[in-house]
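The values are calculated or read from the model by the stated rules, or taken from the named source; none is laboratory data. Not measured: the values here are computed from a predicted model. Here the Cβ is made from the backbone with ideal geometry for all residues, glycine too, and neighbour counts use every protein chain on show. For accessibility, only protein heavy atoms count, side chains too; no ligands or nucleic acids. Shrake-Rupley method; radii C 1.70, N 1.55, O 1.52, S 1.80 Å.
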Amino acid sequence: METVTKLFKNNIRQYGMIIALVVIMLLFEVLTSGLLLKPINITNLILQNSYILVLAIGMVLVIITGHIDLSVGSIAAFVGAVAAIMMVDWQLPAWLAVIASLLVGALIGAWQGFWIAYVRIPAFIVTLAGMLLFRGLTMIVLEGQSISPFPAGFQKISSGFLPDVQFSGLGLVSIIVGIALTIWYIVNELRERASQRKYGFEVVSQGLFLLKLIVVAAVTNLFTFVLASYAGIPNILVLLFVLIVVYSFVMNRTVMGRHVYALGGNEKAAGLSGVKTKKVTFWVFVNMGTLAAVSGLIFAARLNAATPRAGTNFELDAIAACFIGGASASGGIGTVFGAIIGGLVMGVLNNGMSLIGLGIDWQQGIKGLVLLLAVAFDIYNKNKRAA
């Protein structure tokens with residue numbers, strides 16, 4: 001019991017948000033008379049929140065370094081507009097337009113990263129200027145009108161599914177993917193546990209370890225079973241999975257990830273210990289610009305149009321997802337997985353409140369309250385540890 005208590009205390013924000021997500025889902029499942037967890041609605045939840053989750057992955061790195069980015073929604077809109085002009089007006093191949101759009105996003109990130117890292121202008125000011133600048137450029141490029149439709153192949157980024165084989169109303173590929181992920185997870189966890197023991201690190205008891213494996217395996221296979229009951233695995237879910245795995249690996253297992261955490265924890269100390277703080281800051285914003293471009297492409301593909309109002313409030317949802325998921329407003333703390341959990345909390349709240357018929361006014365108020373409570377909880381825990 002002591003081990004369980006210690007484990008929970010050390011990961012209270014992350015575990016707390018997972019518990020909160022489960023409670024919110026069960027609550028809305030009851031209030032919507034079972035609509036929330038229907039296969040079609042689970043798929044819609046993934047599609048509706050994919051672009052915010054992509055932004056949250058980049059935003060959590062920015063927040064860990066102690067900065068903020070208010071421009072990501074406008075960048076997403078601008079990249080979507082540029083992509084529309086290339087694909088619809090210029091008739092360029094979709095793959096070429098996508099690569100060019102990602103380069104545009106990276107260049108925008110480099111532009112903002114230069115002012116923040118090397119000129120030392122606060123990120124709040126630079127990205128606020130970027131929010132206004134790229135929103136204006138979006139309207140100029142689109143001339144105040146929407147451009148559509150996109151090529152069918154491009155639309156499949158957001159609306160397509162992996163090829164599947166149906167058997168008794170279930171997608172076999174989705175079931176197999178669930179089993180494969182379970183095996184991969186178990187093997188990875190066993191290897192990690194063996195490595196920790198080899199180097200003398202403390203590990204949880206065997207009973208707790210087995211319980212964790214069983215719970216994760218059950219949730220994974222139940223999730224893929226639900227997807228198999230509808231249309232299978234969305235293409236966008238594959239992209240999200242790859243991003244989560246890659247960025248989690250970078251942040252937890254690479255020198256670059258350690259440098260990002262060190263920079264956010266104490267910039268001066270990081271600099272004295274050999275971290276090239278300006279370079280790290282610059283590349284974090286290049287990365288954010290690239291992921292904002294990915295988000296813009298996903299949203300444009302889902303909408304099947306580039307519109308002047310695209311990306312509105314995306315930055316607020318991404319920032320809220322990071323803070324709800326455990327990132328600290330003072331920097332140095334946060335995880336990619338936590339940001340995803342925070343994004344799902346916001347997504348389920350939006351979806352559940354819409355299903356029960358709550359107006360947009362109530363939705364905005366409740367989301368604001370959840371964000372405030374999450375940050376207050378972070379400050380409370382920080383003060384308690386310092387006491």
Would you confirm, using the coordinates I've provided, whether Ile333 is over 23 Å from Ala293 (Cα atoms), in a helix (DSSP H, G or I) and either open to solvent by 50 Å² or more (accessible area, probe 1.4 Å) or modelled with pLDDT under 85 (or both)? no
Which members of the range 75-93 meet the condition of being over 13 Å from Val104 (Cα atoms), of a type outside the set (Phe, Trp, Tyr) and open to solvent by 10 Å² or more (accessible area, probe 1.4 Å)? Ile85, Val88, Asp89, Gln91, Leu92, Pro93
Can we say Ala292 is at pLDDT 90 or above, in a helix (DSSP H, G or I), in the same structural domain as Lys156 (by the TED database) and open to solvent by less than 10 Å² (accessible area, probe 1.4 Å)? yes
Could you tell me which of the residues Gln112, Gln91 is over 30 Å from Thr277 (Cβ atoms) and either out of contact with any Phe, Trp or Tyr (no Cβ under 7 Å at 6 or more places or on another chain) or among the polar types (S, T, N, Q) (or both)? Gln91
Checked pairs for the range 366-387, first under 15 Å from Ala321 (Cβ atoms) and modelled with pLDDT of 70 or more, second of a type outside the set (Phe, Trp, Tyr) and assigned to a helix (DSSP H, G or I), C-beta under 6 Å and 6 or more apart or across chains, list as Leu371/Ala320; Ala374/Ile324
Restricting to the range 100-123, name every residue that is β-branched (Val, Ile, Thr), in contact with a helix residue (DSSP H, G or I) (Cβ under 7 Å, 6 or more places away or on another chain) and open to solvent by 30 Å² or more (accessible area, probe 1.4 Å). Val104, Ile121
Flagged pairs (Cβ under 8 angstrom, 6 or more apart or on separate chains; first in the range 198-210, assigned to a loop (DSSP other than H, G, I, E, B); second of a type outside the set (A, V, I, L, M)) are Glu202/Gln196; Val203/Arg193; Val203/Gln196; Val203/Arg197; Val203/Phe209; Val204/Thr3; Val204/Lys212; Ser205/Thr3
Pro308, sole failed condition from (1) surrounded by fewer than 21 Cβ atoms within 10 Å (Cβ to Cβ); (2) in contact (Cβ under 8 Å) with a residue 24 or more places away in the chain; (3) assigned to a helix (DSSP H, G or I): (3)
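Gly232: crowded, with 16+ Cβ neighbours inside 10 Å and touching a Phe, Trp or Tyr at 6+ places or on another chain (Cβ under 7 Å), yes or no?
Values: crowded, with 16+ Cβ neighbours inside 10 Å: yes; touching a Phe, Trp or Tyr at 6+ places or on another chain (Cβ under 7 Å): yes.
Taking the combined requirement at face value, the residue satisfies it.
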Report whether or not Ala97 is open to solvent by less than 20 Å² (accessible area, probe 1.4 Å), touching a residue at least 12 places away in the same chain (Cβ under 8 Å) and over 30 Å from Phe241 (Cβ atoms). no
Checking Val294 against (1) under 19 Å from Phe114 (Cβ atoms); (2) within 19 Å of the chain's Cα centre (by Cα); (3) not basic (Lys, Arg): exactly one of these is not met. Which one? (1)
For Val226, indicate whether it is within 22 Å of Met25 (Cβ to Cβ), open to solvent by less than 50 Å² (accessible area, probe 1.4 Å) and not assigned by the TED database to the domain that holds Gly338. yes
Just wondering, is there one or more residues in the range 17-33 that are open to solvent by 80 Å² or more (accessible area, probe 1.4 Å) and modelled with pLDDT under 80? no
Considering only the range 150-165, I want to know if a residue exists there that is modelled with pLDDT of 90 or more and in a loop (DSSP other than H, G, I, E, B). yes
